[in-house]
Amino acid sequence: MMRDDAALVLFSGGQDSATCLAWALERFAHVETIGFDYGQRHRVELEVRQTFRTRLLRENPGWAARLGEDHLLALDALRAVSDTALTRETAIAMQADGLPNTFVPGRNLLFLTFAAALAYRRGLRHLVAGMCETDYSGYPDCRDDTLKALQVAINLGMDRRFVLHTPLMWRDKAATWALAARLGGAALVEAIRLDTHSCYLGDRSRLHDWGHGCGTCPACDLRRKGWERWRLTAD
Ligand code: ZN
């Protein structure tokens with residue numbers, strides 16, 4: 001049956017989901033991770049997932065005792081149905097509807113549904129995901145209302161009582177760095193800085209104060225501005 005003290009974290013290898021993983025490890029006795037291979041243009045996100053997990057296991061024995069299996073699911077169908085700057089060699093641009101063409105329609109709906117299906121089998125009651133609508137790219141499937149509706153749909157459709165946690169929903173990127181510092185101190189901030197990836201262009205060749213990235217794409221821009229705002233207020 002479902003374990004009340006166990007969680008599944010949607011862990012993409014980015015800053016937000018890495019912070020959520022630490023958040024879950026503070027709260028739950030058993031934590032598993034899930035990632036999705038949907039034909040991302042850049043494989044680096046999938047590669048840093050393992051680097052980050054390995055670093056946590058090495059540096060934090062308390063968390064290591066709680067961190068369970070990692071699951072990687074192939075979702076080739078998502079690439080087949082989408083035509084976006086994250087899945088095709090297309091320049092990043094704004095669309096007529098005001099959304100960037102990095103928006104992959106249905107992505108988070110599918111991810112959470114598959115995560116719940118896995119959590120159902122594994123008996124994990126809590127789902128933890130890093131969506132945020134405070135300081136974000138405007139994706140409609142990151143919004144609080146979408147995710148609350150999805151929790152209801154999943155629970156009805158699977159006849160279970162999953163709890164979907166989105167600890168970053170009302171935090172901006174500066175507050176996300178502050179949360180990491182509170183959860184895991186300088187060591188976790190350094191792990192996120194070095195071993196997570198946000199850049200849409202997959203650039204790992206340049207290391208900035210805020211981590212690796214091209215420095216100019218929208219994802220780098222959000223990450224850099226958040227870091228700078230956090231550094232202004234941190235002691
Ligand atoms: Zn970038």
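The values are calculated or read from the model by the stated rules, or taken from the named source; none is laboratory data. What you are looking at is a predicted structure, and each value in this text was computed from that prediction instead of being measured. With ideal geometry, Cβ positions are generated from the backbone for all residues, glycine too; neighbour counts draw on all protein chains shown. What goes into the accessible areas is simple: the full protein's heavy atoms, side chains included, and nothing from ligands, DNA or RNA. Shrake-Rupley method; radii C 1.70, N 1.55, O 1.52, S 1.80 Å.
Is it possible to state the helix-based mean residue ellipticity at 222 nm for the chain, with each DSSP H run of 4+ residues giving -39500 (n - 2.57), the sum divided by total residues, to the nearest 500 deg cm²/dmol? What is it?
Value at 222 nm, helices only, nearest 500: -15000 deg cm²/dmol.
Starting from the residue with the highest accessible area, list Arg3, Arg204 in decreasing order, probe 1.4 Å.
Arg3, Arg204
Which one of His30, Met158, Val104 has its Cα pushed farthest toward the positive end of the charge dipole of the chain, where Lys and Arg give +1 and Asp and Glu give -1 at the Cβ?
His30
Ordering Arg27, Arg182, Arg224, Arg229 from largest to smallest accessible area (1.4 angstrom probe), what's the sequence?
Arg182, Arg27, Arg229, Arg224
Just to confirm a number: summing +1 for Lys and Arg and -1 for Asp and Glu over residues other than Arg55 whose beta-carbon lies under 12 angstrom from that of Arg55, what do you get?
Around Arg55, the charge tally is +1.
Between Gln95 and Ala74, what is the label-point separation in nm under the 7 Å Cα-to-beta-carbon projection?
2.7
With the other protein chains left in place, how much accessible area per residue, in square angstrom, belongs to the chain at a 1.4 angstrom probe?
Result: 45 Å² per residue.
Of all accessible surface on the range 33-170 at a 1.4 Å probe, what whole percent is carbon and sulfur?
55
In the chain, which helices (entire DSSP H runs) extend 18 Å or more along their own long axis, judged by Cα positions, while averaging at least 0.0 on the Kyte-Doolittle scale?
107-122, 144-158, 173-195
Compute the signed sum of charges (Lys and Arg +1, Asp and Glu -1) over the other residues within less than 10 Å, Cβ to Cβ, of His208.
+3
Pairs of Cα atoms under 8 Å, at least six residues apart: use those to get the relative contact order of the chain, whole percent.
Computed over the chain, the figure is 23 percent.
Kindly sort Met1, Met169, Met94, Met158 by accessible area of their heavy atoms, largest first, with the probe set to 1.4 Å.
Met1, Met94, Met158, Met169
Taking every Cα atom in the chain, find the radius of gyration and the maximum pairwise distance Dmax, and write them in Å.
16.9, 49
Gaussian network model of the chain, Cα springs within a sub-10 Å range: biggest mean-square fluctuation belongs to which of Pro100, Pro61, Pro140?
Pro61
Applying 1/(1 + (r/R0)^6) with R0 = 30 Å to the Cβ-Cβ distance of Asp144 and Arg58, what FRET efficiency is obtained, to the nearest 0.05?
For R0 = 30 Å, the calculated efficiency reads 0.30.
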